[in-house]
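Enquirer: Once you've had a glance at the structure underneath, I'll fire off some questions.
The values are calculated or read from the model by the stated rules, or taken from the named source; none is laboratory data. Keep in mind that what you see is a predicted model, and the values were worked out from it rather than measured. Heads up, the Cβs are rebuilt from the backbone with ideal geometry, glycines too, and the neighbour counts pull from every protein chain shown. Calculation scope for accessible area: heavy atoms of the full protein, side chains included, ligands and nucleic acids excluded. Shrake-Rupley method; radii C 1.70, N 1.55, O 1.52, S 1.80 Å.
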Amino acid sequence: MYQDVMLHIGGAWVAAQSGRTIDIINPATEEKIGALAHAERADLDAAIEAAEAGFAVWRKTSPQARAKIMRKAASLIRERADAIAPIMTMEQGKTLAEAKGETMLAADVIEWFAEEAPRTYGRIIPARGDGIYQLVVKEPLGIVAAFTPWNFPINQAVRKVSAGLAAGCAIILKGPEETPGSCAELVRAFADAGLPPGVLNLVFGVPSEISEYLIPHRAVRKISFTGSTAVGKHLAALAGKHMKRATMELGGHAPAIVFEDADLDAAAKILAANKFRNAGQVCVAPTRFLVQDSVYDGFMERFLGAVAKIKVGDGLDPSSTMGPLANERRIPAIEGFIADAQKHGGKIAAGGARIGNKGYFFQPTVMTDVPTSARAMNEEPFGPLALVNRFSTFDEAITEANRLDYGLASYAYTRSTKTVTALGHRIESGMVSINHHGIALPETPFGGMKDSGIGWEGGAEAIDAYLTTKFVTQAS
Ligand code: NAD
């Protein structure tokens, strides 16, 4: 079912010129399931040459013709979703249901941007002199280098690829080395839909070697990265040094505030589902739970009840509701956060340990009374770890919510319109979701403030990141 993964350069699926490969491991079994072509300098040069040729064709392709190919790619993704989902589950660990949901949503993302392609309007500015026309024209930026991570192998890539293609850019995508197969299936759908050769290229290798070669390269005009804040700052600095436009989708440490007038049943159910989705390896996962004193016990009873129902197992088993962590590194990372939090006085209310010793399975973990001095309260845990603390006043909750340099997503539950309005004004995060989990849709802006990033990946804002403005003034 799982096949070896090749590079996609100039419209062809190719091995690395050196013949080098990287092993692909199933996190549920720790077994090797395939081999991945490992690009080096010569392959990257071939990708750049292909992208230059692809861009020359694609920039002249009408937005309507681009949209037609994109819509075809979306329908191929939908047709193939049942075949793509197990590939994603085997390489990444998430459940089949989550993998299929991610695949189907990718088709929606492609369609949304296909619809945006003919709407990249410029404008005409009234002139000061008779017979003068002042035109503002939007043009594709050029070749984009996109870097995407392993937690959502298709979704992190499809947002960059679709916006870039709709705008008329050519793309070199460095996909996730640990979860490459499903990302390659995304690229295959575009290739099979008739995308001209070189417009979308896919490479894998050593991430730092690829970014350090592509970002300064003259041919590359824009970069887009999703991953940790530390790496994002490094790449943004490199982009700045070489005057490249950059979009950065980085880490988060989302507060989830439960006020005393909240619907506790809904809050506990929705927050538990979204905390442990993809085993917590989600940049917008709720992490710092803040629960108002008077409803703390009631919330905890419901929340722990929902957590107890989570069934951890191989994502291919339809009865599993949470798969393993995606790679071996996450086990010591999560164990370290828990041990440190305990050392600082935090208490374990559920879970707390690895499950077995084969496969990277970890218990859904809930900790309480974790002080802000603990590492987990400051660094992104990126795993199945919920940290629950109490608060008494609105100001206290807002102060804690805004304490960190992260500002990606935040959540709140309350029945008070006054509190809803105040939250919207005072929370420092790119996305605020109140009384439901409603972020990351194709048509809504997705992005962070502060250390969580620069730019937007959904909604009407997203395509602008792949366009440049040209001013043309003409006298008749
Ligand atoms: P990591 O920081 O080494 O890598 C994170 C991602 O960045 C990976 O996809 C990796 O391939 C890429 N990367 C790393 N160095 C790079 C470079 N120099 N140039 C280009 N790409 C580079 O750590 P990891 O162990 O893979 O993941 C751990 C942390 O990364 C998590 O704790 C989380 O904070 C963050 N992360 C965030 C997201 C997200 O959706 N924002 C996704 C995956 C990982």
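Enquirer: Below 8 Å, C-alpha to C-alpha, sequence gap of six or more: please give me the relative contact order for the chain in percent.
Expert: The normalised contact order for the chain reaches 18 percent.
Enquirer: Return the lysines within reach of LYS94: Cα separation strictly under 19 angstrom, same-chain partners fewer than 8 residues apart disregarded; answer none if there are no such residues.
Expert: Correct list for LYS94: LYS32, LYS275, LYS309, LYS311, LYS358.
Enquirer: How high is the FRET efficiency from ASP263 to LYS450, r the C-beta distance, R0 22 Å, rounded to 0.05?
Expert: That gives a FRET efficiency of 0.15.
Enquirer: For labels at ALA339 and GLU115 in the simple 7 Å Cα→Cβ model, what's the distance in nm?
Expert: Here the answer is 5.1 nm between the modelled labels.
Enquirer: Given H placed on each backbone N at 1.01 Å, which residues far from LEU467 in sequence or on other chains put an amide H within less than 5 Å of it?
Expert: LEU141
Enquirer: May I ask you to give the percent of accessible area on the chain that is carbon plus sulfur, with a probe radius of 1.4 Å?
Expert: Working: 9990 of 18800 Å².
Carbon-and-sulfur percentage of accessible area, whole number: 53.
Enquirer: Subtracting the Cα-Cα distance from 0.36 nm times the residue separation, let me have the gained length for ALA12 to ASP192 in nm, one decimal.
Expert: Details: separation 180, 0.36 × 180 = 64.80 nm, distance 1.10 nm.
63.7 nm is the gain from fully extending ALA12 to ASP192.
Enquirer: Please get the size of the charge dipole for the chain, origin at its Cα centre, with Cβ charges of +1 on Lys and Arg and -1 on Asp and Glu, quoted in debye to the nearest 20.
Expert: On the way: 49 positive and 52 negative charges, 207 e Å.
For this selection, approximately 1000 debye.
Enquirer: When DSSP beta bridges are limited to those with both residues in the chain, what percentage is antiparallel, rounded to the nearest 5?
Expert: On the way: 27 of 69 bridges.
Bridges in the chain that DSSP calls antiparallel: roughly 40 percent.
Enquirer: Taking 8 Å as the Cα distance limit and 6 or more residues as the minimum spacing, I'd like the relative contact order of the range 254-442 as a percentage.
Expert: Reported as a whole number, the value is 27 percent.
Enquirer: For the chain, what is the accessible area per residue in Å², given a 1.4 Å probe and the full set of protein chains?
Expert: Computed with neighbouring chains in place, this is 39 Å² per residue.
Enquirer: Right, something else. Compute the distance from the alpha-carbon center of the range 114-187 to that of the range 414-472, in whole Å.
Expert: A separation of 18 Å, based on Cα centres.
Enquirer: Further, regarding this structure: Rounded, prolate or oblate, given the Cα gyration tensor of the range 264-398, with a/c below 1.5 counting as rounded? Write out the running numbers ahead of the final one.
Expert: On the way: a/c = 2.04, a/b = 1.36, b/c = 1.50.
Judged from the Cα gyration tensor, the range 264-398 comes out oblate (a/c at least 1.5, b/c at or above a/b).
Enquirer: Antiparallel as a % of all DSSP beta bridges within the range 254-442, to the nearest 5? Can you show the working numbers first?
Expert: Numbers: 4 of 26 bridges.
Roughly 15 percent of the beta bridges in the range 254-442 run antiparallel, per DSSP.
Enquirer: What lysines sit close enough to LYS72 to cross-link, taking a C-alpha to C-alpha distance under 20 Å and skipping anything fewer than 8 places away on the same chain?
Expert: Partners within reach: LYS60, LYS100, LYS160.
Enquirer: If the viscosity is 0.692 mPa s and the temperature 37 °C, what Stokes-Einstein diffusion coefficient in µm²/s follows for the chain when Rh is the Kirkwood radius over Cα pairs?
Expert: 142 µm²/s
Enquirer: Now, a different point. For the range 259-267, in order, what is each residue's ³J(HN,Hα) by Karplus, 6.51 cos²θ - 1.76 cosθ + 1.60 with θ = phi - 60°, in whole Hz (x at glycine and Pro)?
Expert: Listing the rounded values in order: 8, 5, 9, 6, 7, 5, 4, 5, 4 Hz.
Enquirer: Rounded to the nearest 500, what is the chain's calculated 222 nm mean residue ellipticity when only DSSP H runs of at least 4 contribute -39500 (n - 2.57) each, over all residues?
Expert: Using -39500 (n - 2.57) per qualifying helix, the result is -12000 deg cm²/dmol.
Enquirer: Each residue of the range 211-223 in order: what ³J(HN,Hα) in whole Hz does its phi give by Karplus 6.51 cos²θ - 1.76 cosθ + 1.60, θ = phi - 60°, with x for Gly and Pro?
Expert: For the range 211-223, the Karplus curve yields 5, 6, 8, 6, 4, x, 4, 3, 6, 8, 9, 8, 10 Hz.
Enquirer: In whole Hz, with x marking every Gly and Pro, tabulate ³J(HN,Hα) for the range 138-145 from phi via Karplus 6.51 cos²θ - 1.76 cosθ + 1.60, θ = phi - 60°.
Expert: 9, 10, x, 5, x, 8, 10, 9
Enquirer: Roughly how many Å is it from the Cα centre of the range 20-64 to that of the range 314-345, as a whole number?
Expert: Each part's Cα centre sits 30 Å from the other's.
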